[in-house]
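Chemist: One structure, pasted below without further comment.
Bear in mind that the values in this text are calculations on the coordinates, not laboratory data. The structure displayed is predicted, hence computed values, not measured ones. Please note: Cβ atoms are built from the backbone with ideal geometry, for glycine as well, and neighbour counts cover all protein chains shown.
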Amino acid sequence: MIRRIEDSNPIVTFFYFACTAGVTMFVPYPPLLVISLIGAVMYFYTVKGEHKGSFTIFAFILFLLLVIANPLVSHKGDTALLFINGRPITLESFYFGLNSAVMIIAALYWFRTLTFVLTSDKLIYLTSLLSKNLSLIISMSVRFVPLFTRQRRKIKETQRAMGLYNDDSLTHEIRSNIRIFSILITWALEGGITTADSMEARGFSLGRRTCFRNKRIDRGDVGLLVIMAGLLSVILICIVSGGFEYSFYPKTRIVSNGTKDILGLAAFCGLSLLPVILKAEVSLKWKYLQRRV
Amino acid sequence: MLMIKNERAGSLIRYGVPFLLVPSLAVAGSLALGGGSHLLVSLAAAGLALLLFAVGFDRKKIGTRRMVICAVMTALAFAGRFIPFLNPITAMAVITGIYMGSEAGFLVGSLAALLSNFYFGQGPWTVFQMLAWGLIGFFAGVLSKRLKANMPLLLIYGALCGVMYSFIMDIWTVLWYNKGFSLGLYGAALVSAIPYTLSYMVSNVLFLALLFKPFGVKLERVRVKYGI
């Protein structure tokens, strides 16, 4: 059964974002970038996540800045719009800035969605494929952060109860906080040694180790991987055989090679809208099941 | 004798491949493939260096204690990035590199970058940040004897790392935006990044000056007490 991208095996999720963000970053063909931006924004708003509104505002401001930046710095191009200090502001350079801005914003949306989707358990799964020690270190540090935060609070309360925490003035407060931090470090290092000894005592460094992997690759994952690989290979064939031609200087022009480009764009369209399509399919199925009940 | 030779050759391969071979391949690749491919090649090279390091890391026997200490330092660096305006990752990577060896320094720098970016935004720059912070920790480990003895030198190293970090990251910004290197845009990027560069420098120097002695005493104590 095919599931959504974010519920599939982490390999599928990672491969999906590598494809979309990779194509977006390395193929600056204007129509493709527009499709990518639309797909990325749609996917961004269908996943669960925090501070979506403020990210969009940030992206919009960045977009405006990036569009303005290129014409001010680069003066290549034939069509001069106006002159500032005797230097031309050209239409081509504006188009180039616009194109780069769309690319960067689209890639930012893909990566922000990846941050929402790739939770720490998935990251640990992915790194465990590379190196078991590395994934262990990552899982430990992720676990240490809330532990240390809690311990810091405890130390602070104890210091206050003992009358050693002094926040009369800024210097006193800083000194007290440094003291708390120092206690915390000693505690953390000693605790770390204890953890290590305890691991050793349970036979950590003896023999081969396996990893905890609660996700398997099933038929649905393989199906998704095949679909994505197929779409990606269509796009790659299109690039290699000279499709997606464009140039900005000296005159902006976008060449359309007929069927080849259309095929490539259609494949990328399928790729970037895949999560939304899968999601729609799942919700349709849910409605259908509800109706049967 | 053979043992030492092998070990040397081993470490030469382990460090030489990620830090020398891959960057030179990257330069050669971008020259051979011509314009427009700098971005792809630089990203691939940085990613490959990190991958090789990760794979080599698993083959090596590192003590359990050292591993847990690395995790503790990573967590502290990662948590410290939430301090507004200041950034202690460099300082933590340098301290770990000096006291626990260059490999541990690389590990702490790169992992702290990877993990903290889950809160500060992942992006293609993650790869470069991981490599930059990792290398800062790595070279601190290589220079550990001199840096440990000489406090002003350490602070200069910290400030220099802040500047270099900013310079390297801006090369990447320009490559990404412009699909090729442009000196004008690079200058603009450097100028617009001055507040960040200053903040990196100040926080590196500040955190190294504040933390190096107490951390050093504690790490040294743990090392002597438990024989890591």
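Chemist: Return one quarter of the surface area of the convex hull spanned by the alpha-carbon atoms of segment A:123-274, equal to its mean projected area, in nm².
Modeler: Result: 19.2 nm².
Chemist: Cut-off is 10 Å between beta-carbons; in what order do A:Cys19, A:Cys238, A:Cys211 appear when sorted fewest neighbours first?
Modeler: A:Cys211, A:Cys19, A:Cys238
Chemist: Can you give the calculated 222 nm mean residue ellipticity of the protein assembly as shown, where each DSSP H run of n ≥ 4 adds -39,500 (n - 2.57) and the sum is split over every residue, rounded to the nearest 500 deg cm²/dmol?
Modeler: -26500 deg cm²/dmol
Chemist: At q = 0.13 Å⁻¹, what base-10 log of I(q)/I(0) does the Debye formula yield for segment A:123-201 when every alpha carbon is treated as an equal point scatterer in vacuo?
Modeler: Results for segment A:123-201 at q = 0.13 Å⁻¹ read -0.55.
Chemist: Still on this model: List, in order, the whole-Hz ³J(HN,Hα) value for each residue of segment B:89-99 obtained from phi through the Karplus relation with A = 6.51, B = -1.76, C = 1.60 and θ = phi - 60°; use x for Gly and Pro.
Modeler: Each residue of segment B:89-99 in turn: 4, 4, 4, 5, 4, 5, 4, 4, x, 5, 8 Hz.
Chemist: How big is D, in µm² s⁻¹, for segment B:64-226 by Stokes-Einstein at 4 °C and 1.567 mPa s if Rh is the Kirkwood radius over C-alpha pairs?
Modeler: 81 µm²/s
Chemist: Read phi for every residue in segment A:99-110 and hand back ³J(HN,Hα) as whole Hz from Karplus 6.51 cos²θ - 1.76 cosθ + 1.60, θ = phi - 60°, with x for Gly and Pro.
Modeler: Karplus values, whole Hz, x for Gly and Pro: 4, 4, 5, 4, 4, 5, 5, 4, 5, 4, 5, 4.
Chemist: Looking at segment A:239-280, which chymotrypsin sites (Phe, Trp or Tyr not before Pro) are in a loop (DSSP not H, G, I, E or B) and have at most 11 other Cβ atoms within 10 Å?
Modeler: When the chymotrypsin sites (Phe, Trp or Tyr not before Pro) of segment A:239-280 are filtered for loop state and at most 11 Cβ neighbours within 10 Å, nothing remains.
Chemist: With 32 Å as the limit, write out which pairs from A:Lys215/A:Lys285; A:Lys122/B:Lys213; A:Lys48/B:Lys213; A:Lys132/A:Lys260 have Cα-Cα distances beyond it, or answer none.
Modeler: Violating the 32 Å limit, Cα to Cα: A:Lys122/B:Lys213; A:Lys48/B:Lys213; A:Lys132/A:Lys260.
Chemist: Which one, A:Leu65, A:Leu108, A:Leu170, has the greatest fluctuation when you compute a Gaussian network model over chain A with C-alpha springs under 10 angstrom?
Modeler: A:Leu170
Chemist: Over all alpha-carbon pairs of chain A, lay out the pair-distance distribution in 5 Å bins, whole %, shortest bin first.
Modeler: 1, 5, 8, 10, 11, 10, 10, 10, 9, 8, 7, 5, 4, 2, 1, 0
Chemist: Given a cut-off of under 8 Å on Cα pairs at least six residues apart, what relative contact order in percent is computed for segment B:64-226?
Modeler: Values: 221 pairs, mean separation 39.2, N = 163.
Worked out over segment B:64-226, it gives 24 percent.
Chemist: I've got another one for you. I need to check one value: relative contact order of chain A, counting alpha carbon pairs closer than 8 Å and at least 6 residues apart, in percent.
Modeler: 29 percent
Chemist: While we're here: Counting only GluC sites (Glu not before Pro) that sit in a DSSP loop (anything but H, G, I, E, B) with at most 16 other Cβ atoms within 10 Å, what is the longest stretch of chain A containing none of them?
Modeler: A:51-244
Chemist: To the nearest 10 degrees, how steep is helix A:30-46 against the longest Cα principal axis of chain A, on a 0 to 90 scale?
Modeler: Tilt relative to chain A: about 40 degrees.
Chemist: Continuing with the same structure: Out of every Cα-Cα pair in segment A:1-72, what percent are more than 16 Å apart?
Modeler: On the way: 1621 of 2556 pairs.
Distances greater than 16 Å cover 63 percent of the Cα pairs.
Chemist: Let me ask you something else. Enumerate by residue number the chymotrypsin sites (Phe, Trp or Tyr not before Pro) in segment B:64-147 meeting two conditions: DSSP loop (anything except H, G, I, E, B), and at most 15 other Cβ atoms within 10 Å of the site's Cβ.
Modeler: Counting only loop positions with at most 15 other Cβ atoms within 10 Å, the chymotrypsin sites (Phe, Trp or Tyr not before Pro) in segment B:64-147 are B:Phe82, B:Phe85.
Chemist: At a Förster distance of 35 Å, what's the computed FRET efficiency of B:Met151 paired with B:Leu40, Cβ-Cβ distance as r, to 0.05?
Modeler: It comes out at approximately 0.25.
Chemist: Let me ask another. Mind pulling the per residue volume of the convex hull built on the Cα atoms of the protein assembly as shown? Å³ is fine.
Modeler: Values: hull volume 114.8 nm³, N = 521.
Convex hull of Cα atoms, per residue: 220 Å³.
Chemist: Compute the Rg to Rh ratio over segment A:205-276 from the alpha carbon atoms, using the Kirkwood formula for Rh, and round to two decimal places.
Modeler: On the way: Rg = 19.8 Å, Rh = 15.4 Å.
We get a ratio of 1.29 for segment A:205-276.
Chemist: Also, quick follow-up: Which whole number of Å³ per residue matches the convex hull of the alpha-carbon atoms in segment A:42-135? Write out the running numbers ahead of the final one.
Modeler: Values: hull volume 13.8 nm³, N = 94.
Hull volume normalised by residue count: 146 Å³.
Chemist: I've got another one for you. Counting only residues 5 or more places away or on other chains, whose amide H sits under 5 Å from the amide H of A:Tyr246 once H atoms are built in the peptide plane?
Modeler: Placed amide hydrogens put A:Val255 under 5 Å from A:Tyr246.
Chemist: Ok, one more. What's the average, rounded to a whole number, of partner chain beta-carbon atoms within 10 Å of each residue's beta-carbon in A:186-194?
Modeler: 6
Chemist: Based on other C-beta atoms within 10 Å, arrange B:Ser182, B:Ser110, B:Ser203 from fewest to most.
Modeler: B:Ser182, B:Ser203, B:Ser110
Chemist: Using the basic label-point model (7 angstrom from Cα toward the beta carbon), what is the A:Leu164 to A:Arg3 distance in nanometres?
Modeler: Here the answer is 4.9 nm between the modelled labels.
Chemist: Using only atoms on other chains, find how many Cβ atoms lie within 10 Å of each Cβ of peptide B:113-122 and report the average.
Modeler: For peptide B:113-122, the averaged partner shielding equals 4.
Chemist: Something else: Which of these, A:Ile174, A:Ile254, A:Ile104, has the largest mean-square fluctuation under a Gaussian network model of chain A (Cα springs below 10 Å)?
Modeler: A:Ile174
Chemist: Considering only C-alpha atoms, what is the centroid distance from segment A:230-293 to segment A:160-201, in Å?
Modeler: Segment A:230-293 and segment A:160-201 have Cα centres separated by 54 Å.
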